[in-house]
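Participant: Got a structure here, written out as structure tokens. Questions coming.
The values are calculated or read from the model by the stated rules, or taken from the named source; none is laboratory data. Quick caveat, the model's predicted, so the values are computed rather than measured. Here the Cβ positions follow ideal geometry from the backbone for every residue, glycine too, while neighbour counts run over all protein chains shown. When the accessible area is computed, the model is the full protein with side chains, heavy atoms only, and any ligands, DNA or RNA have been set aside. Shrake-Rupley method; radii C 1.70, N 1.55, O 1.52, S 1.80 Å.
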Amino acid sequence: MIRPLADRVVIEPREAETKTASGLYIPDTAKEKPQQGVVVAAGPGKKDEPMEVKVGDQVLYGKYSGTEVTVDGNKYLIVRQSDILAVL
């Protein structure tokens with residue numbers, strides 16, 4: 001498993017929607033990048049900035065923030081705590 005450093009957080013992004021509310025299927029080319037996910041690991045924080053999120057939190061993050069990585073076939077996103085917009 002990934003162990004993030006400082007104020008970084010590892011998020012498992014939620015799957016992109018494949019169907020609209022009315023039942024229409026969305027093609028792969030039109031799918032939007034998900035902005036929600038679950039925190040799977042969190043760093044210890046900085047000396048002057050403690051961590052506010054913890055493992056298991058549902059979070060909303062910026063659309064183009066973080067770095068995407070693949071570990072053991074699973075896709076994760078590594079972001080700074082400041083890139084997280086809200087805890088749901």
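Participant: If you filter the chain for GluC sites (Glu not before Pro), then keep DSSP loop positions with at most 13 other Cβ within 10 Å, what is left?
Facilitator: Glu15, Glu17, Glu32, Glu52
Participant: In addition: Between Ile2 and Tyr64, 0.36 nm times their residue separation minus their Cα-Cα distance comes to what?
Facilitator: Residue separation times 0.36 nm, minus the Cα-Cα distance, leaves 20.2 nm.
Participant: Evaluate the distance, in nm, between pseudo-label points positioned 7 Å from the Cα of Val38 and of Thr18 along their respective Cα→Cβ axes.
Facilitator: 1.8
Participant: Let me ask something else about it. Nothing charged except the Cβ atoms of Lys and Arg (+1) and of Asp and Glu (-1): what's the magnitude of the dipole of segment 1-84 about its Cα centre? Round to the nearest 20 debye.
Facilitator: Dipole magnitude for segment 1-84 comes out near 60 debye.
Participant: DSSP loop trypsin sites (Lys or Arg not before Pro) in segment 35-82 with at most 16 other Cβ atoms within 10 Å of their Cβ, which ones?
Facilitator: When the trypsin sites (Lys or Arg not before Pro) of segment 35-82 are filtered for loop state and at most 16 Cβ neighbours within 10 Å, Lys47, Lys54, Lys63 remain.
Participant: Per-residue HN-Hα couplings for segment 71-77, Karplus 6.51 cos²θ - 1.76 cosθ + 1.60 at θ = phi - 60°, whole Hz, x for Gly and Pro?
Facilitator: Whole-Hz 3J(HN,Hα) from phi for segment 71-77: 10, 6, x, 9, 8, 10, 10.
Participant: Over the chain, what relative contact order in percent results from Cα pairs under 8 Å that are six or more residues apart?
Facilitator: 33
Participant: Hey, in the GNM for the chain with a 10 angstrom Cα cutoff, which one of Gly43, Gly62, Gly23 fluctuates hardest?
Facilitator: Gly23
Participant: With r defined as the distance between the Cβ atoms of Lys75 and Lys47 and R0 fixed at 22 Å, what FRET efficiency is calculated, to the nearest 0.05?
Facilitator: E between Lys75 and Lys47, to the nearest 0.05, is 0.10.
Participant: What are the residues whose amide H is under 5 Å from the amide H of Ala6, where those residues sit 5 or more places off or on another chain and H is modelled from the backbone?
Facilitator: Gly45
Participant: Round to a whole number: what % of the accessible area of segment 27-82 belongs to carbon and sulfur, probe 1.4 Å?
Facilitator: About 48 percent, which is the carbon plus sulfur part of the accessible surface.
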